[in-house]
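*Asks:* Below is the structure I would like to discuss, written out as structure tokens.
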Amino acid sequence: MAEAIARRLIEESGRTDIEVESAGTQAWDRSPASDEALLVGVERNIDLSGHRARRLTAEIMRAADLVLVMSPSHLADVREIDPDANVHLLAGYGTPGSKGHPIADPFGGNLEDYRATADELEHELKEILERIPAA
């Protein structure tokens with residue numbers, strides 16, 4: 001959901017200088033979005049039907065300027081893959097001086113869990129886009 005929300009926000013802002021891709025530290029390669037994520041996407045005018053998960057790799061890390069993660073355990077996983085990665089918690093990155101905080105993974109939860117996570121992602125991603133200077 002984070003990638004799709006970020007793409008929509010980037011498009012709405014008219015920014016063409018930001019590329020967004022997602023990968024998971026525990027992702028099952030080629031897994032589709034969950035039914036709940038699909039429904040939340042429809043509610044937000046985001047099409048997740050073509051989404052397929054992929055596992056985070058060293059190659060993906062080398063291509064990234066910035067890696068944003070949802071939890072401290074993800075931070076540790078990313079640093080294990082690449083100790084020099086520019087990695088931060090997504091929640092709080094848009095607020096200078098913030099140490100960030102985890103965002104709950106709704107996987108396995110109900111539709112309300114997915115909505116709450118999508119709300120938090122949208123809020124945080126809007127702040128991040130404001131923080132990233134235009135190229």
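*Asks:* Among PRO96, PRO72, PRO32, which one moves the most in a GNM of the chain with springs linking Cα atoms closer than 10 Å?
*Replies:* The residue with the greatest mean-square fluctuation here is PRO96.
*Asks:* Counting only helical runs of four or more DSSP H residues, what would the 222 nm mean residue ellipticity of the chain come to if each run contributes -39,500 (n - 2.57) and the total is spread over all its residues?
*Replies:* -13000 deg cm²/dmol
*Asks:* Could you pull out every residue, at least 5 positions away or on a different chain, whose amide H is within less than 5 Å of the one on GLY24? Hs are placed 1.01 Å off N in the peptide plane, and Pro or chain starts have none.
*Replies:* The list, which skips near neighbours in sequence, is ARG54, ARG55, LEU56.
*Asks:* Each residue of region 111-123 in order: what ³J(HN,Hα) in whole Hz does its phi give by Karplus 6.51 cos²θ - 1.76 cosθ + 1.60, θ = phi - 60°, with x for Gly and Pro?
*Replies:* 4, 5, 4, 5, 4, 5, 5, 4, 4, 5, 4, 4, 4
*Asks:* Can you tell which of ALA6, ALA64, HIS123 lies farthest toward the positive end of the dipole of the chain, using +1 and -1 charges on the Cβ of basic and acidic side chains (Lys, Arg; Asp, Glu)?
*Replies:* It is ALA64, whose Cα lies furthest towards the positive end.
*Asks:* Still on this structure, I have one more. Extending each Cα 7 Å along its Cβ direction at LEU111 and GLU11, get the distance between those two points in nm, one decimal.
*Replies:* 2.3
*Asks:* Let me ask something additional. When the dipole is taken about the Cα centre of the chain, and only Lys, Arg (+1) and Asp, Glu (-1) are charged at their Cβ, what size is it in debye, to the nearest 20?
*Replies:* The calculated dipole for the chain is roughly 180 debye.
*Asks:* Name the residue farthest towards the positive end of the dipole of region 2-126 from the options PHE107, ILE46, ILE18, assuming +1 on Cβ of Lys and Arg, -1 on Cβ of Asp and Glu, about the Cα centre.
*Replies:* ILE18
*Asks:* Out of these labelled values of Cα extents along the principal axes in Å, (i) 47, 37, 24; (ii) 36, 32, 25; (iii) 49, 31, 30, which was calculated from the coordinates shown here?
*Replies:* Checked against the structure: label (ii).
*Asks:* Pulled fully out, how much extra length does the chain show between ARG79 and GLU122, if you take 0.36 nm times their separation in residues and subtract their Cα-Cα distance?
*Replies:* 13.0 nm
*Asks:* Rank ALA58, ALA23, ALA37 by mean-square fluctuation in a GNM of the chain with C-alpha springs under 10 angstrom and give only the top-ranked residue.
*Replies:* Per the Cα network of the chain with a 10 Å cutoff, ALA58 tops the list.
Coordinate-derived values only; no laboratory data. Every value quoted in this text rests on a predicted model; they were computed, and no experiment measured them. Every residue, glycine among them, receives a Cβ derived from its backbone with ideal geometry; neighbour counts consider all protein chains shown.
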